[in-house]
Amino acid sequence: MSEDSEKRPHPVDDPAPVPVGQLQTYEDVDPYSADHRDYVLMQSRVNLMASSQMADVKANLILTLSAIMLQFGLTKVTNHELAGSHVPYWAVVIGSLLTIILCGYSTLPTASFRLRQYGDNEPLPKGFSLLFFGSFTRLPLPRFKRMMHDMLSSPPRTHDAILDELYGHGQYIQRKKYLPLRLAYIAFLSTWVVSAVLYVTLGGVD
């Protein structure tokens, strides 16, 4: 073995394993190389957008069916020559109208009629999200730029802003979309059940 080979250090075959539980906090990971965080945040936003679009598709479907049922019910209740009780058809009309209102509410955009601007030093309200247009459009442009520059100055601040936006978006979808959509489906199915029971009980025809 030559003298040069003896002086040259041997490469490390396997790096020392990281002790279990050592990386426990957010700050322990280098934010500039933590690609998994960006992936999780991106995927979470994609999932929220897909859930919102799916709710709109379901609302449009049930709204179309309710409109057809409403037209059918109105045709029957306005036909005075129709024998038998009109109560089952009134149940169809009322249930269809309720379903249409709930579906319309679930797809109704949320926007204030009057856009109130926050001052440069005015405290921001609870639930303010710098990445949501309904929030940052209330800021003056200079303050918006300052806050964006401050947020983009470090990855942890950027991640926190994205987390605030994801949380607010999720709450909005839960309260404004899926809750009225669930009530719309319950009203739609109940309309069929109630109208069928009334038809059998009261007699749709003599």
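Side notes on the structure shown:
- Check: the stretch 70-143 dipole with +1 on Lys, Arg Cβ and -1 on Asp, Glu Cβ, in debye: 260
- Label-to-label distance, nm, for residues given as F133 and S153 (7 Å Cα→Cβ offset): 2.9
- When you filter the trypsin sites (Lys or Arg not before Pro) in the stretch 52-143 for DSSP loop state and at most 12 other Cβ atoms inside 10 Å of their Cβ, you are left with R114, R116, K126.
- Size of electric dipole in the stretch 99-206: Cβ of Lys, Arg +1 and of Asp, Glu -1, about Cα centre, debye, nearest 20: 300
- Our Cα-only numbers for the stretch 147-200 put the radius of gyration and Dmax at 21.5, 69 Å.
- Anisotropy class of the stretch 38-127 from Cα gyration tensor, a/c 1.5 cut: oblate
- Label separation (D56 vs L108): 1.8 nm, computed from points 7 Å beyond Cα along the C-beta direction.
- Proximal charge balance of I162 [Cβ under 13 Å; K/R count +1, D/E count -1]: -1
- Within the shell defined by Cβ-Cβ distances under 14 Å, the residues around Y172 carry a net charge of +1, with Lys and Arg each +1 and Asp and Glu each -1.
- Each label point was placed 7 Å from the Cα along the Cα-to-Cβ direction; for N121 and S85 their separation is 7.1 nm.
FYI, it's all coordinate maths here, none of it is from the lab. None of these values were measured; they are calculated from a predicted model. Cβ atoms come from the backbone with ideal geometry, glycine included; neighbour counts cover every protein chain shown.
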